[in-house]
Amino acid sequence: MRHEINYIDPEGLDLKDEVVQINRTAKVMKGGRRFGFSALVVVGDGRGAVGLGFGKAREVPPSVEKGVTDAKKQLIRVPLKGTTVPHAVVARFRSSVVKIMPAAPGTGIIAGASVRKVLEAAGVKDVLTKAMGSKNPMNLAKATLVGLTGMKTRREIAARRGVEL
């Protein structure tokens, strides 16, 4: 199911960045191996704005900076219901599937590393998740973002259907 993605402007937001994964690649040249680095970075304000970016460079710090810049371009607004998500959702990206379910206050974030970092950056405090299929951190993080993009509040659904609550 495809969703309309409304990106938000990063201006005025107090964004914090977190590295989800750093990957080292090697290219064999005449003089030996030449290494490159790729960084998957999530940025968020902890109040519903979150973005995921990917940067590549010869060294780690420039790749992280590029990832942060990319993530700021892809910021989305996530609807929150108190400290949790409004409803359960199953999202997939490639062969990774993530199930995100609301939880009672005080539960915490029950999730793996990459899914946890995306949810923390979005400001979700209580949630249950289950990762299925491929456990690739990049695909899991992107599946989580797809799931958060598909979240709708009761008001949004009522307005879309043309009914009153």
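Points worth noting:
- Pairs of Lys residues in region 16-76 that lie 8 or more places apart, or on two chains, and have C-alpha atoms under 26 angstrom apart add up to 10.
- Compared with the dominant principal axis of the Cα atoms in the chain, helix 60-73 is inclined by about 30°.
- Length added when fully stretched, LYS56-ARG33, from 0.36 nm per residue minus Cα-Cα: 6.6 nm
- Relative contact order (%) - criterion: Cα under 8 Å, at least six apart; region: the chain: 21
- Region 108-165 - Kirkwood radius from inverse mean 1/r over Cα pairs (Å): 12.7
- Charge dipole magnitude, Cβ of K and R +1, D and E -1 - the chain, Cα centre, debye nearest 20: 820
- Taking Cβ atoms as reference points and 11 Å as the exclusive limit, the residues near ALA26 contribute a net charge of +4, counting Lys and Arg as +1 and Asp and Glu as -1.
- The loop-placed trypsin sites (Lys or Arg not before Pro) in region 23-54, going by DSSP, that have at most 10 neighbouring Cβ atoms within 10 Å of their Cβ come out as LYS30.
- Loop-located GluC sites (Glu not before Pro) in region 50-125 (DSSP state other than H, G, I, E, B) with a sparse environment of at most 15 neighbouring Cβ atoms within 10 Å: GLU59.
- Farthest toward positive dipole pole in the chain [+1 Lys/Arg, -1 Asp/Glu at C-beta], among PHE37, GLY51, ILE110: PHE37
- Lysine pairs within region 78-155, Cα separation less than 15 Å, 8 or more sequence positions apart or different chains: 10
Here, each number is a calculation from the coordinates, and none is a lab measurement. Owing to the predicted nature of the structure, the values given are computational and were not obtained by experimental measurement. Glycine gets a Cβ as well: all are built from the backbone with ideal geometry, and neighbour counts include every protein chain shown.
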